[in-house]
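*Asks:* Handing you this structure, nothing more for now.
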Amino acid sequence: MKIEIQGLNKIYPNGNHALKDINLEFGTGMFGLLGPNGAGKSSLMRILVTLMKPTSGIVLIDGKDIQKHRKELREMLGYLPQDFRFFTSLRTWEFLDYSGSLAGLKNRKERLSEVDRLLDQVGLLEVRDRQANKLSGGMKRRLGIAQALIGNPRIIVVDEPTTGLDPDERIRFRNILSQLSQNDVTIILSTHIVGDISSTCQGMALLNKGELVFSGSPENLVKQAEGHVFKLTLTPYEYEKVKEQYDVISTIPIDTGWEVQIVSEEVPVYNPVSIIPNIEHAYVYYMEHKLHADMID
Ligand code: ADP
């Protein structure tokens with residue numbers, strides 16, 4: 001499968017320019033869309049699932065314009081919106097059964113077996129008879145993904161699925177997605193949490209203020225930060241100075257003061273030890289330094 005986004009712009013009626021000439025291309029597997037709040041992620045997602053029209057530009061799926069093939073696209077699509085909520089007294093399995101009917105699963109026996117297969121996959125089989133609105137926040141989100149998965153979609157769009165989840169649930173959710181991504185489906189995941197973009201994402205894009213500022217593999221993003229991440233061992237006095245001067249990523253107290261990790265364009269003083277960047281370092285480096293420098297150029 002190939003998804004091509006060409007010259008996409010979204011200007012809301014109030015003049016907000018939420019997407020600015022976005023060009024992107026990706027295929028089967030997991031694709032991560034990362035950016036701070038307000039970057040334009042949800043706007044892009046809503047266009048991808050044809051809930052909203054772009055102001056200009058097109059999206060092609062295997063060469064077909066999604067605006068002209070909406071019905072066809074919706075049949076192969078599963079969507080978990082950012083504000084997925086259900087106010088229902090239905091039991092967990094009944095809710096999913098209902099979603100299955102909407103997704104076009106007509107045969108009741110097959111649908112019920114699909115419901116239980118999916119509840120098992122997202123770890124909710126034990127609570128299948130509980131009222132859906134009495135599930136915990138993390139469980140509701142997992143029911144949300146099950147609802148997006150019913151009917152065997154080939155494209156799964158999940159918008160900020162881990163917001164508000166505790167770390168355990170976040171890891172669990174990420175594992176569910178990475179297992180899915182091995183099934184020859186395309187998963188588009190949007191998030192403002194850098195840790196959600198794992199090595200399971202074959203491709204990723206970074207959005208900032210409606211602009212696409214990076215697209216490539218997570219490894220490529222990390223490469224950009226090589227030689228710009230340092231560990232410093234500091235006295236409390238030095239630490240105060242460093243905090244003002246650099247982007248501090250982490251701070252660990254030690255006997256003599258602090259051990260900190262910083263991201264910096266230049267090699268700092270204070271006996272720096274260069275360290276191998278991870279994706280969080282790379283994100284900070286890219287947003288704070290590279291982007292800033294590019295804009296000045
Ligand atoms: P993200 O999902 O990355 O937080 P959004 O796509 O929700 O970003 O928003 C991008 C920009 O568009 C923001 O400035 C936001 O305020 C604006 N925006 C989003 N939805 C609307 C809307 N319905 N009307 C006007 N502006 C909007």
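*Asks:* Could you please report the charge total around Glu110, scoring K, R as +1 and D, E as -1 over all other residues with beta-carbon less than 13 angstrom from its beta-carbon?
*Replies:* Combined, the nearby Lys, Arg, Asp and Glu give +2.
*Asks:* On the protein heavy atoms, probe 1.4 angstrom, tell me the percent of accessible surface of the chain carried by carbon and sulfur.
*Replies:* 48 percent
*Asks:* A follow-up question, please. For region 3-216, give me the percentage of DSSP beta bridges that are antiparallel, rounded to the nearest 5 percent.
*Replies:* 50 percent
*Asks:* Could you pull out the chymotrypsin sites (Phe, Trp or Tyr not before Pro) across region 70-164 that fall in loop regions by DSSP (anything but H, G, I, E, B) with no more than 11 other Cβ atoms inside 10 Å?
*Replies:* Loop-located and lightly packed - Phe87.
*Asks:* For Asp255 and Ile171 in the same chain, what is the full-extension length gain: residue separation times 0.36 nm, less their Cα-Cα distance, in nm?
*Replies:* Gain on extension, Asp255 to Ile171, equals 26.9 nm.
*Asks:* Each label point is 7 Å from the Cα along the Cα-to-Cβ direction; what then is the distance between the points at Thr235 and Asn23, in nm?
*Replies:* Simple spin-label model gives 5.5 nm for this pair.
*Asks:* Nearest 5 is fine: what % of DSSP beta bridges in region 144-267 come out antiparallel, could you say?
*Replies:* DSSP beta bridges in region 144-267 are roughly 80 percent antiparallel.
*Asks:* Follow-up. With r defined as the distance between the Cβ atoms of Glu244 and Gln179 and R0 fixed at 51 Å, what FRET efficiency is calculated, to the nearest 0.05?
*Replies:* 0.70
*Asks:* What length, rounded to one decimal in nm, is gained on full extension from Asn37 through to Val273, with 0.36 nm per residue of separation minus their alpha-carbon distance?
*Replies:* Taking Asn37 through Val273 to full extension adds about 81.7 nm, to one decimal.
*Asks:* Which distance in Å, rounded to a whole number, links the C-alpha centroids of region 170-198 and region 52-127?
*Replies:* Taking the Cα centre of each part, region 170-198 and region 52-127 sit 17 Å apart.
*Asks:* While we're on this one: Determine the calculated [θ] at 222 nm for the chain from helices alone, applying -39500 (n - 2.57) to every DSSP H run no shorter than 4 residues and normalising by the residue count; nearest 500 deg cm²/dmol.
*Replies:* -9500 deg cm²/dmol
*Asks:* Let me ask something else. Looking at region 34-90, which trypsin sites (Lys or Arg not before Pro) are in a loop (DSSP not H, G, I, E or B) and have at most 14 other Cβ atoms within 10 Å?
*Replies:* Of the trypsin sites (Lys or Arg not before Pro), the ones in loops of region 34-90 whose Cβ has at most 14 other Cβ atoms within 10 Å are Lys68, Arg85.
*Asks:* While we're here: Would you please give the FRET efficiency between Glu219 and Arg128, computed as 1/(1 + (r/R0)^6) with r the Cβ-Cβ distance and R0 = 45 Å, to the nearest 0.05?
*Replies:* Approximately 0.65, to the nearest 0.05.
The values are calculated or read from the model by the stated rules, or taken from the named source; none is laboratory data. Since we're looking at a predicted model, the values are computed, not measured. Ideal geometry is used to build each Cβ from the backbone, glycine not excepted, and the neighbour counts take in all protein chains shown. The accessibility values were calculated without ligands, DNA or RNA, using every heavy atom of the protein model including side chains. Shrake-Rupley method; radii C 1.70, N 1.55, O 1.52, S 1.80 Å.
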